[in-house]
Every structure is written in C-alpha cells, then in structure tokens.
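Presented below is the structure to which this report refers.
The values are calculated or read from the model by the stated rules, or taken from the named source; none is laboratory data. In this text, all values refer to a predicted model and were calculated from it rather than measured experimentally. Every residue, glycine among them, receives a Cβ derived from its backbone with ideal geometry; neighbour counts consider all protein chains shown.
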Amino acid sequence: MTEAKGFTPRLAEGWQDAALGFAYWLALVLVLEPGNVARAFESGGQLPVGDEILRLLGAACLGSAATLGVFALVRRYPVEGGDVMRRTLFHVLADAALAAAMIVVAGILAALFLNEDRRPLPVAIPSQLAVDGPILFFCLVVLTVIAHAIRNLRMRKAQAAAKSGYVAHVPVRSRSATEIVNLAEVGWIETQGNYLALHVGNSTHLIRETSRSFEARIDPARFLRIHRQTIVAVDAIQRVESLASGDATVFLSDGTELRASRNYRDALRTRMAADRLS
C-alpha cells in the first residue's frame, strides 16, 4: 500500500509524452543538420563533433520539456465543445509564446556551453527569433495537433475499457470540456447529494451518479466501502484505528482521515489483514 502506486499511470503517460517530444525534436534537428554542416564547410569551418552532439541532445531535451507543456495545455484546454475558436486562438498564442521562450533558453544555454555565437545575447536572441521563430512556431502547432489526437485516442481507449469489465477511467465534464480521471489515482470517493466526489490528491472531480451504481462498476480488488457515503482505495490506506463507539478512523497516505462505520469495520479489518499477508 504505497502512495506511489496511485501516480504510476499518470507518470507513465508523462514519460510517454516526454519520449515522444524527444524523438520529435531530435528528428527535426537532424533534418536541419545537413544544411548546417554544408554551410560550415562552405565557410571553411568545421563543426566540432562533441559540441555538435551536445547541441543535438540539448535541443531534443529542451523540445521534450516544451512537449510536456504542450500536452498539459491540451489536457487542460482541449479544443472541443462550444469554445473551439477561443481555445484554438489560445493554443496559437501559447505556441507563439513557447517558441519565443525556447529560443531565449536555447540562446542562453548556447552562450554558456557552446562557442557558436559570440554576439551579446541582446543582439543574438532577436536575430534568432527572426530566423528560427516562424519554423519553431510551425513545429509547435503541429505538435499541438498531435497532442490533441493522442488525447482523443486515450479517451476512446478509456471509454472502450469502461465497456468491458470494471471501469478504469471516468470522463468528467468541466467548463464545456471533458477530462479523463484515472481511477488508479483516486484516493477516496464520497457522496455529495446527487453527485459523487472523486478525490485525487488535492483535486476533487464531481460526477452525477449514485454511490451504489458506481460501486458496482469499479474494481472491488482496489476499492472498499467503509461508510454508506464513503468508498476508499485500499492501497491509499496507511493505517486504521478503532474507536470506542465501534467505528474506526482510516488514515490515508496523503494525511486524509475518514470515518469507517461499524457496519463496514469487520470487512475493512479482514481486507487489511489479507493485504498484509499478501
């Protein structure tokens, strides 16, 4: 019952996004590389192998970091629903700002670690913005389109998984957009009137469904009811303390304290003992 288990799926997607970004930007830099080499030889110069490898890897790593930002914005502000034009404009402006930021960071890193451009940064960076800005902006726009396609693919996979067996992901509607909540990241679930609140760390996501119907759709190997209004992820439980009233206090690994009623206390103890033996 470690806290890290709940974050594994999101981290896995993050690593996939970072790896995609690294490959994407490395491929772009390699496509441009023959032109750089040709210009170097035409001018009588020679590109140092070590510096060139460092430049390639640095560009790919910087692009990978930018890719994580693009995917985060796409998850938070997907182009769908009734705000297509506004959100499209938002992503265009975000890509432009990100392109400028990448050029500034690349210029600073080149000045620190490479000897390609000896001009002062206030002179070199505006020049690079004019030369590389348009192509970098275009590459970011393409990457944003790819990120939206990957997001939609992940949503379809989540919806397909929900139709077979227990639900693993739940679509949550928010501000005319749909966010996918991975149940592996949910620490506990509580009833709030006609809604269920899915607690993921410090975030809370509301879905309109009854507690009983939702309990029937989720994996009982992972989730356990401890109160008529509360369901908890077993691997999020840190310890359980009995109370004089016959109830118990359930402490989660993130510091949350929940009340387990006496009607579910025995099942909770049995489950905890079985998990310790396993």
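Does the range 2-24 hold any residues that are among the aromatic types (Phe, Trp, Tyr) and modelled with pLDDT of 50 or more, and which are they? Explain how you work it out, then say what you get.
The first filter runs over the range 2-24 and keeps only residues among the aromatic types (Phe, Trp, Tyr), leaving 7, 15, 22, 24.
Across the range 2-24, the qualifying residues are Trp15, Phe22, Tyr24.
Among Ala110, Ala96, which is the only one that is in the same structural domain as Leu73 (by TED's automatic domain parsing), at pLDDT below 80, among the aliphatic types (A, V, I, L, M) and over 28 Å from Arg208 (Cα atoms)? Don't jump to the end; show me each part of the working.
On the way: Ala96 fails: at pLDDT below 80.
Selected residue: Ala110, the only one of Ala110, Ala96 that is in the same structural domain as Leu73 (by TED's automatic domain parsing), at pLDDT below 80, among the aliphatic types (A, V, I, L, M) and over 28 Å from Arg208 (Cα atoms).
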Assigned to a helix (DSSP H, G or I) and either touching a strand residue (DSSP E or B) at 6+ places or on another chain (Cβ under 8 Å) or modelled with pLDDT under 70 (or both), is that true of Glu33? yes
All conditions in (1) over 21 Å from Val167 (Cβ atoms); (2) surrounded by fewer than 17 Cβ atoms within 10 Å (Cβ to Cβ) are true of Leu258 except (2)
Looking at (1) touching a Leu at 6+ places or on another chain (Cβ under 8 Å); (2) in a loop (DSSP other than H, G, I, E, B), find the lone condition where Pro220 falls short. (1)
If you go through the range 177-184 one residue at a time, do you hit one that is of a type in the set (Ser, Thr, Tyr), in a helix (DSSP H, G or I) and surrounded by fewer than 19 Cβ atoms within 10 Å (Cβ to Cβ)? no
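What number of residues within the range 185-217 are part of a loop (DSSP other than H, G, I, E, B) and buried (at least 18 other Cβ atoms within 10 Å of the Cβ)? Give the steps one after another, and end with the answer.
We begin by selecting, within the range 185-217, every residue part of a loop (DSSP other than H, G, I, E, B); these are 186-187, 193-194, 201-202, 208-210.
Applying the additional criterion that residues be buried (at least 18 other Cβ atoms within 10 Å of the Cβ) yields 186-187.
Number satisfying all stated conditions: 2.
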If we scan the range 234-245, do we find a residue that is of a type in the set (Ser, Thr, Tyr), surrounded by fewer than 12 Cβ atoms within 10 Å (Cβ to Cβ), part of a loop (DSSP other than H, G, I, E, B) and in the same structural domain as Ala273 (by TED's automatic domain parsing)? yes
State yes or no: is Thr191 under 30 Å from the mean Cα position of the chain (by Cα) and touching a residue at least 60 places away in the same chain (Cβ under 8 Å)? no
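Scan the range 247-278 residue by residue and report those that are in a helix (DSSP H, G or I) and not basic (Lys, Arg). Break it down into steps so the answer makes sense when it comes.
Here is the first cut: in the range 247-278, the residues in a helix (DSSP H, G or I) are 262-277.
Residues satisfying the conditions are Asn263, Tyr264, Asp266, Ala267, Leu268, Thr270, Met272, Ala273, Ala274, Asp275, Leu277.
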How about the range 62-93: which of its residues are among the hydrophobic types (A, V, I, L, M, F, W, C), under 16 Å from Cys139 (Cα atoms) and either at pLDDT below 90 or surrounded by 19 or more Cβ atoms within 10 Å (Cβ to Cβ) (or both)? Leu62, Ala66, Val70, Phe71, Val74
